[in-house]
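**Student:** Let me give you the structure first, and then I'll get to my questions.
Coordinate-derived values only; no laboratory data. Model, not experiment: these values are computed from the prediction. Glycine also receives a Cβ, built like all others from the backbone with ideal geometry; neighbour counts cover every protein chain displayed.
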Amino acid sequence: MYIPFEDLPVDSKIWIYQSSRKFSDDEIISIESNLVDFVSDWSAHNVSLEASFLTKYNRFIVLAVNQNVQQATGCSIDKSVAFIQNLEQQFNIDLLDKMNVTFKQGEFVTYKTLIDFKKLAKEKAVSENTIVFNNLVNTIEEFNESWEVPANESWHNRFF
């Protein structure tokens, strides 16, 4: 069952998918339409999940489930991964590769391989204060507090 993202409790489970490129405004409209359809029908063991989504910076998709109502199970998580894989094919993007880093450079959001990010850190082109996106956060509360953070406050700090 789809509900607005802001209506979910802060302990709701989330999954963050970062795109290998920025989505166009038309793609965002189509992706969000697909997301509404998906979360409206998303279920676990034939019980509807209270779920939502958020798109950020025309680059991130955040899926969320209120696990106080119904827990997401292996099968329901597999369905969400299959949905994301379909988006990858439909829009010719990569959403599942976790070996990349997304960070802010001024007002721009930049996407680099982990190896390239390490090089940028070594060359001091990015610093401990560079705002990174910590896609390892697990709840809406963590998302609100610890998703966009200086690199020294996330797992990225190992590169400095």
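**Student:** Where Rh denotes the Kirkwood radius from the mean inverse Cα pair distance, what is Rg over Rh for the range 1-72?
**Tutor:** That ratio is 0.99, to two decimals.
**Student:** Continuing with the same structure: What FRET efficiency comes out for N46 versus Q67 if R0 is 30 angstrom and r is the Cβ-Cβ distance? Round to the nearest 0.05. Could you put the intermediate results ahead of the total?
**Tutor:** Numbers: r = 17 Å, r/R0 = 0.56.
Taking R0 as 30 Å, the efficiency between N46 and Q67 is 0.95.
**Student:** Let me ask something additional. Is the shape of the range 89-160 best called rounded, prolate or oblate, per the rule: a/c under 1.5 gives rounded, else a/b larger than b/c gives prolate, else oblate, with a ≥ b ≥ c the square roots of the Cα gyration tensor eigenvalues?
**Tutor:** Here the range 89-160 falls in the oblate category.
**Student:** Rounded to the nearest 500 deg cm²/dmol, what is the calculated helix-only ellipticity per residue at 222 nm for the chain, with -39500 (n - 2.57) per DSSP H run of length n ≥ 4? Walk me through the numbers before you get to the answer.
**Tutor:** On the way: 4 runs with 51 residues, N = 160.
Mean residue ellipticity at 222 nm (helix-derived): -10000 deg cm²/dmol.
**Student:** Quick one: putting +1 on the C-beta of Lys and Arg, -1 on the C-beta of Asp and Glu, what dipole do you get for the range 78-160 around its Cα centre, in Debye to the nearest 20? Walk me through the intermediate numbers first.
**Tutor:** Numbers: 9 positive and 13 negative charges, 86 e Å.
For this selection, approximately 420 debye.
**Student:** Can you tell me the relative contact order of the chain? Whole percent, Cα pairs under 8 Å, sequence separation 6 or more. Numbers along the way, then the final one.
**Tutor:** Numbers: 253 pairs, mean separation 38.5, N = 160.
Once normalised by length, the contact order is 24 percent.
**Student:** How long is the range 27-121 along each principal axis, judged by its Cα atoms, biggest number first, in Å?
**Tutor:** 47, 26, 24
**Student:** Same structure again: Stretch K122-W155 to full length: gain in nm at 0.36 nm per residue minus the Cα-Cα span?
**Tutor:** In short, 10.3 nm is gained.
**Student:** Chymotrypsin sites (Phe, Trp or Tyr not before Pro) within the range 59-109: which are DSSP loop residues with at most 10 other Cβ atoms inside 10 Å?
**Tutor:** Working: sites: F60, F83, F91, F103, F108; in loops: none.
Taking the range 59-109 and a limit of 10 other Cβ atoms within 10 Å, no loop chymotrypsin sites (Phe, Trp or Tyr not before Pro) are found.
**Student:** Expressed as a whole percent, how much of the Cα-Cα distance distribution for the chain exceeds 27 Å?
**Tutor:** Result for the distance tail: 26 percent.
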